[in-house]
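Inspection log for the structure reproduced underneath, given as structure tokens.
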Amino acid sequence: MSQTDFVNYDQKTPGDRTVMHVLYALHTVAWASLGTLAVIALIVNYIKRADETDALYASHHSYMISTFWWTILWLVVTSPLYLLFIMPGVIAHGIVGLWYLYRCIRGWLRFTNGNVPS
């Protein structure tokens, strides 16, 4: 079993933690901007994850990225429900929106407690 050289890893600064909180906040309030803030946060997630050495931070970036893409998938899959009547589509997109909000808040709370998202 190989040993990890922890001397080469940078310590996390309060600024790194603040960036994560801002990203979770952008994802959480994305509904208010019709998803624009989520796209901005997604781009930052991809950039920050590529340079991340801390497993906790990398896992949270991956969590936010997968939450975004799963949400997009479910919004596309449920879009044909609008062809039936308006209400089934509204209900389906409302459920997807609540699921997205749940995932954002759950991940944010787990990050605040120092836990890996699950």
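The values are calculated or read from the model by the stated rules, or taken from the named source; none is laboratory data. Since this is a predicted model, take the numbers as computed values, not measurements. Cβ: placed from backbone, ideal geometry, glycine included. Neighbour counts: every protein chain shown.
Taking only segment 24-69 into account, find how many residues are under 16 Å from VAL96 (Cβ atoms), out of contact with any Gly (no Cβ under 8 Å at 6 or more places or on another chain) and buried (at least 18 other Cβ atoms within 10 Å of the Cβ). Residues meeting the conditions: 5. Taking the criterion of being among the basic types (Lys, Arg) and at pLDDT below 90, the only residue of segment 1-56 that qualifies is LYS12.
Based on this model, can you work out whether HIS93 counts as in contact with a Leu (Cβ under 9 Å, 6 or more places away or on another chain), farther than 30 Å from ASP16 by Cα and of a type outside the set (S, T, N, Q)? It is true that HIS93 is in contact with a Leu (Cβ under 9 Å, 6 or more places away or on another chain), farther than 30 Å from ASP16 by Cα and of a type outside the set (S, T, N, Q).
Take ILE72 and tell me if it is exposed (fewer than 11 other Cβ atoms within 10 Å of the Cβ) and either under 15 Å from PRO117 (Cα atoms) or at pLDDT 95 or above (or both). Against the criterion (exposed (fewer than 11 other Cβ atoms within 10 Å of the Cβ) and either under 15 Å from PRO117 (Cα atoms) or at pLDDT 95 or above (or both)), ILE72 does not qualify. Of the residues that make up segment 1-24, is at least one among the hydrophobic types (A, V, I, L, M, F, W, C), part of a helix (DSSP H, G or I) and in contact with a Leu (Cβ under 8 Å, 6 or more places away or on another chain)? Taking every residue of segment 1-24 in turn, none turns out to be among the hydrophobic types (A, V, I, L, M, F, W, C), part of a helix (DSSP H, G or I) and in contact with a Leu (Cβ under 8 Å, 6 or more places away or on another chain).
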